[in-house]
1. What do you get for chymotrypsin sites (Phe, Trp or Tyr not before Pro) in the range 27-75 restricted to DSSP loop and a cutoff of at most 16 other Cβ within 10 Å of the site's Cβ?
2. Using the Cα gyration tensor of the range 1-76, with a ≥ b ≥ c the square roots of its eigenvalues, what is the shape: rounded (a/c below 1.5), prolate (a/b larger than b/c) or oblate (neither)?
3. Output wanted: per-residue J couplings in Hz (rounded whole) for the range 38-49, from phi through Karplus 6.51 cos²θ - 1.76 cosθ + 1.60, θ = phi - 60°, x for Gly and Pro.
4. What pairs in 115/139; 72/115; 53/156; 38/115; 115/157 have C-alpha atoms more than 21 Å from each other?
5. From Cα pairs below 8 angstrom and at least 6 apart in sequence, can you work out the relative contact order of the range 1-76, rounded to a whole percent?
6. Using Cα centres only, tell me the gap between the range 1-58 and the range 106-163 in whole Å.
7. Beta carbons within 10 angstrom, averaged per residue: use that to sort the peptides 8-14, 48-54, 58-64, highest first.
8. Please turn the phi angles of the range 27-32 into ³J(HN,Hα) values with the Karplus equation 6.51 cos²θ - 1.76 cosθ + 1.60 (θ = phi - 60°), one per residue in order, whole Hz, x for glycine and proline.
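Values quoted throughout were computed directly from the atomic coordinates according to the rules given, and no laboratory measurement underlies them. No experiment lies behind these values; they were computed from the predicted model shown. Backbone-built Cβ (ideal geometry, glycine too); neighbour counts: all protein chains shown.
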Amino acid sequence: MAFELLSDMYRPVLMSLALRMLRNPDDANDAVQDTLVKAFRAIHDFDPDRPLKPWLCRICTNCCVDAVRSRKRDGESLDQHEYMLADDGESVDATASGSIREGQVMAAIERLPDKYRRIIVMRHFRHMDVNEIADELHKPEGTIKSWLFRARAMLKKDLQLVLN
C-alpha cells in the first residue's frame, strides 16, 4: 500500500524524465514500469536518510539507457518507430522552428562545462530540488544555487548568440 502511494506520487516525474530520454510514450511507460518494479525489489538497499526522488530518477535513467541499448542491439532504427505526435493546430513552420530551438538549447547545454551541465540536467530534466542536488553532489545549497545561476547565465549568453 505504501509503495503504491509512492509510485503514484513519483510516476509523473519519472514519466517526464523517461519521455525526454526516449521520446516515445510507449517506451517511456515501459521504462517507468521497469523503474517501479526495480525500486520495489531493491527497496531494502535504499538509504532512508537520503531523498527518494533522486534514487528513483537514477533507476529510471538507467532503465531508459537500457531501453536505448536494447534498440541498438536489436538493430532497430528510429525509422522503425512510430512516434505519436499531438496535433495541437500548430503550423509545420512553427513546429519545425520549435524543434530547431530545442536542438539549439540542447546543444548549448552540451557545450556547458561538466559541473554546470550536470546541475542543469539534474534541476531541469530530472526535476530535482536544490537541496536534493546538494545532497547528491555533497555540496552546500549555496554552491548549487550559484552554479545554477552561472550555468543559466552561460546558457543565456550562448543562446542569444545562436538565436539572434
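1. Here the chymotrypsin sites (Phe, Trp or Tyr not before Pro) that fit, given the DSSP loop and packing criteria, are 46.
2. prolate
3. Here the 3J(HN,Hα) series is 5, 5, 4, 5, 9, 4, 5, 8, 6, 8, x, 7 Hz.
4. Where the Cα-Cα span goes over 21 Å, the pairs concerned are 72/115; 53/156; 38/115.
5. Here the relative contact order equals 37 percent.
6. So the separation of the two Cα centres works out to 23 Å.
7. Top to bottom by mean Cβ count within 10 Å: 58-64, 8-14, 48-54.
8. 5, 5, 4, 4, 5, 5
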